[in-house]
Structures are given as structure tokens and as C-alpha cells.
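Q: Dropping a structure here in C-alpha cells format, bear with me for questions.
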Ligand SMILES: [Zn+2]
Ligand SMILES: [Zn+2]
């Protein structure tokens, strides 16, 4: 990062921003504006929405938010983009929502023992695992917001799939979905991965010869992504599968063999690493993935 880029954050201490917002009334103001039509309200309506009788006290707290999280336009107060993002973080539920340990039956069978699959949720991590042998097919953090406004268990599981897919696809494509910063992507082998993951005794892709290590250069986001996920971003692969009657949108990630099956991933070269991921063995649709987890070559495309 250049000094110039650093300049943009000059005078804006993040600790200061968090302190400014760390008050019940101030969070109430942000929340009320977020709920309001066009995210804007006149002073008296805003005060009523937050439920503070004392106008002087209310005005004091509102003034603390002005300029950074809230702006005053004509006779109304409006939520600024940083205000939205702060409320987004709160609404994700990670600070205040506790989800009990959850187990939801999902379609499909364990590739090892043919047992039933379940989606489990514990300490912010969603996992799809086998009920019998406890093999984990896939795991990734999932915000408690994923359970909000959804009564249908299948919808929760679908949300976990869709969201994990986005984070992994964007991360392997160089863009962090958490902070918009650049990610560094490299294929790493089992030894490296397991060493880095020694606290995960049940990591999901440990039987694959390599996984894509995705590391944001700007925030704390990192992930180990099954290499097959990058095939989902290649229009030729997705299109060829579609013409063969296989729509990648109809299956969850753990139901896509080229994502979860170790025998679909072959180490072709070791230095630099290149792997071949086979989408459909019968038709020989396969992609060669280079050391940066980019697709270098595809065979077996259907035109
Ligand atoms: Zn099993
Ligand atoms: Zn990031």
C-alpha cells in the first residue's frame, strides 16, 4: 500500500468510530434510520422512534454520530454508508444472537459409508457431515443472521450453501467479500494445510491432494477452499455441464462430486503445483488448475 492510500484513513481512528457508536441510544438511532423509509427521518420522528423523551439528551447523542454515521440534509437525518455497514455487522447477529447447536437432515449420502448427511451448526460454524461416520464434507462460518427470517430448515441449509459458495468463489477470484481487499491464493498440499489447521481435527478437504489457500491481504479473512470450487466460475465448464443436463445451481456444494470427492482431484505437477479437476469422468470434462488456483486449461468442453 502506498502512503497516499494511507492518507485516506488519516484522522479516522477506527477505535474512535466504534467508541462513538458504542451506546444504546446511538445504536438505536442507527437502527431507527435503517428501518425508516429512505433511511431518513426528521428529528422529532427519529427521537420518537428511538424512544428518548429528553430532547437535549437525544440531540447530544445524535450529534456524536453526525458526520461519520449520520448526516443532516434539509429537515431530515440520513444514514450514511458507514452507518449502514455498522448496522449490517450488528444484524449479522454475531454480537448478540445465540443459536443453539443445530442439526438439520440434508439430502445426499456420505461418500465414505453411504450414511445420512446432516447440517450442523455450532459456535458460528456450519458443517455438513455424515451422521454415521462423522466425516465432514464441508464446513464454513455462517452468521446467525442466516437463521433469521427463515422458518424453513431447507432454506437455512440453502442459504449456507449459497453464501459459502459466494465467499469461496470471490476469494479464489482475488476479491475478499468481507472487506473488498485483495486476496492471495495458492494451492497448498495436505501437509501444509493440516499443519496450519491443527485445531481443526475434522477439516473437510483433508483427503484432497491440495486445496486453495485464500488469504486476504487486508483483513482477517482466510479460508481453505476445495479446488473444484473454481470450476463453478468458468462459463465453459458450467455451460458444458448444463448442456449435459447438470445445472450447478440445483445442487448444494456438498452434492457436487468435483468439489467434495478426493478422487476427482489429481496432482499433475508438483513444482509449481498444477492439479486436474474432473467434472464428469465419463465425458472427460476436466480443468487444469494452476498454482494460483486459476483455470489454465479445460478439456472436453461441449460447444
Ligand atoms: Zn459416513
Ligand atoms: Zn478482507
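Computed from the coordinates by the stated procedures, all read-outs in this text should not be read as laboratory data. Everything numeric here is computed off the predicted structure, so don't read it as measured data. Neighbour counts are summed over all protein chains in view; Cβ atoms, including those assigned to glycine, are modelled from backbone coordinates with ideal geometry.
Q: Would you mind calculating the gained length between residue 296 and residue 45 on full extension (0.36 nm times residue separation, minus the Cα-Cα distance), in nm to one decimal?
A: 84.6 nm
Q: While we're on this one: Under the 0.36 nm per residue contour assumption, what length would be gained going from the current alpha-carbon distance of residue 131 and residue 85 to full extension?
A: Contour length minus the Cα-Cα distance gives 12.8 nm.
Q: Roughly how far apart, in whole Å, are the Cα centres of the range 15-47 and the range 118-185?
A: Here the two parts' Cα centres lie 30 Å apart.
Q: Could I ask something else about it? Multiplying the sequence separation of residue 271 and residue 152 by 0.36 nm and subtracting their Cα-Cα distance, what value in nm do you get?
A: Contour length minus Cα-Cα distance gives 38.1 nm.
Q: Give the distance, in whole Å, between the Cα centre of the range 83-108 and the Cα centre of the range 240-256.
A: The range 83-108 and the range 240-256 have Cα centres spaced 27 Å from each other.
Q: Right, here's the next one. What FRET efficiency, computed as 1/(1 + (r/R0)^6) with R0 = 35 Å and r the Cβ-Cβ distance, is obtained for residue 100 and residue 178, rounded to the nearest 0.05?
A: Here the calculated transfer efficiency is 0.85.
Q: Mind checking which of 263, 215, 45 has the largest fluctuation in a GNM of the chain, springs on alpha carbons under 10 Å?
A: Of the options given, 45 has the highest mean-square fluctuation.
Q: With a 10 Å cut-off between alpha carbons and a GNM built on the chain, which of 70, 211, 237 moves the most?
A: 70
Q: Moving on to the next point. Given points 7 Å out from each Cα along the Cα-Cβ axis, report the residue 242 to residue 124 separation in nanometres with one decimal.
A: The modelled label-to-label distance comes out at 3.6 nm.
Q: Round to the nearest 0.05 the FRET efficiency obtained for residue 59 and residue 16 when R0 = 22 Å and r is the Cβ-Cβ distance.
A: Efficiency, rounded to the nearest 0.05: 0.60.
Q: What angle do you read, to the nearest 10 degrees and between 0 and 90, between the alpha-carbon axis of helix 153-172 and the longest principal axis of the chain?
A: For helix 153-172, the angle is close to 80 degrees.
Q: Right, another one. Comparing 214, 265, 20, which has the greatest mean-square fluctuation in the GNM of the chain with Cα pairs linked when under 10 Å apart?
A: 20
Q: Decide, for the range 122-263, between rounded, prolate and oblate: order the square roots of the alpha carbon gyration tensor eigenvalues as a ≥ b ≥ c, take rounded if a/c falls under 1.5, and otherwise choose prolate if a/b is larger than b/c, else oblate.
A: The shape class here is rounded.
Q: Just to verify a number: FRET efficiency for residue 162 and residue 75, C-beta to C-beta distance, R0 = 35 Å, to 0.05?
A: So the FRET efficiency works out to roughly 0.30.
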